[in-house]
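See structure below.
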Amino acid sequence: MEQLRQIIRDVPDFPQKGIVFKDITPLLSDAQSFRKAIDYMAAPLKSREFDALIGIESRGFIFAAALAYELGKGHIPVRKPGKLPADTVQVSYELEYGSDTLEMHADAVEAGQRIVIVDDVLATGGTARGVADLVEKVGGKVEALSFLIELDFLKGRDKLTDYDICTVLNY
């Protein structure tokens, strides 16, 4: 795990002054590190019963698609409005600095399906909470949430206390 921690690059003052961005692109471009990241993320999910993984736009797609392949499950994309071609359902949610909206195809999650939500980083928890609300809005059940990185100091878990959370690296 230390290899993963070392390959993730800190970028100060991005996207705005005072923020230290955790840049995962070096990890993604290194085949061995990316494989290890997927292996670590997959391990706690292998013993769980669930039907599909949701990847949150955009870096969540990368990890959810690889995990779906590794675990033999389907991958459902959740996107910003206007990006999906068929009928959609959407959720608006609050962020630390405003609000946002995400949507998925209306027929992507069936009532009773068990879903694992995947993203690269758990920060404030607003996006993950919004996606969990979206899954439940259509009758699905959130089995777990999986993240490569958790920024503990932003207390994102506080918005997700009803769910099991799996993370690989904590900062």
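The values are calculated or read from the model by the stated rules, or taken from the named source; none is laboratory data. Model, not experiment: these values are computed from the prediction. No Cβ is skipped: glycine too gets one built from the backbone with ideal geometry, and neighbour counts run over all protein chains shown.
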Exercise for the section: Can you confirm whether the stretch 120-137 contains a residue that is acidic (Asp, Glu), in contact with an Asp or Glu (Cβ under 9 Å, 6 or more places away or on another chain) and farther than 25 Å from Asp10 by Cα? Expected result: no
Fill in the blank from the handout: Of (1) over 22 Å from Leu27 (Cβ atoms); (2) more than 12 Å from the chain's Cα centre (by Cα); (3) touching a residue at least 12 places away in the same chain (Cβ under 8 Å), Gly130 fails just (2)
Practice task
Please work out if Phe50 is within 20 Å of Thr167 (Cα to Cα), in contact with a helix residue (DSSP H, G or I) (Cβ under 6 Å, 6 or more places away or on another chain) and among the aromatic types (Phe, Trp, Tyr).
Solution key: no
Exercise for the section: Could you grab me the full set of residues in the stretch 12-50 that are among the acidic types (Asp, Glu), in a loop (DSSP other than H, G, I, E, B) and in contact with a Lys or Arg (Cβ under 7 Å, 6 or more places away or on another chain)? Expected result: Glu49
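Could you count how many residues in the stretch 92-117 are at pLDDT below 95 and either part of a loop (DSSP other than H, G, I, E, B) or of a type in the set (A, V, I, L, M, F, W, C) (or both)?
Residues in the stretch 92-117 being at pLDDT below 95 and either part of a loop (DSSP other than H, G, I, E, B) or of a type in the set (A, V, I, L, M, F, W, C) (or both): 3 in total.
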Practice task
Determine whether Arg114 is of a type in the set (Lys, Arg) and in contact (Cβ under 8 Å) with a residue 40 or more places away in the chain.
Solution key: yes
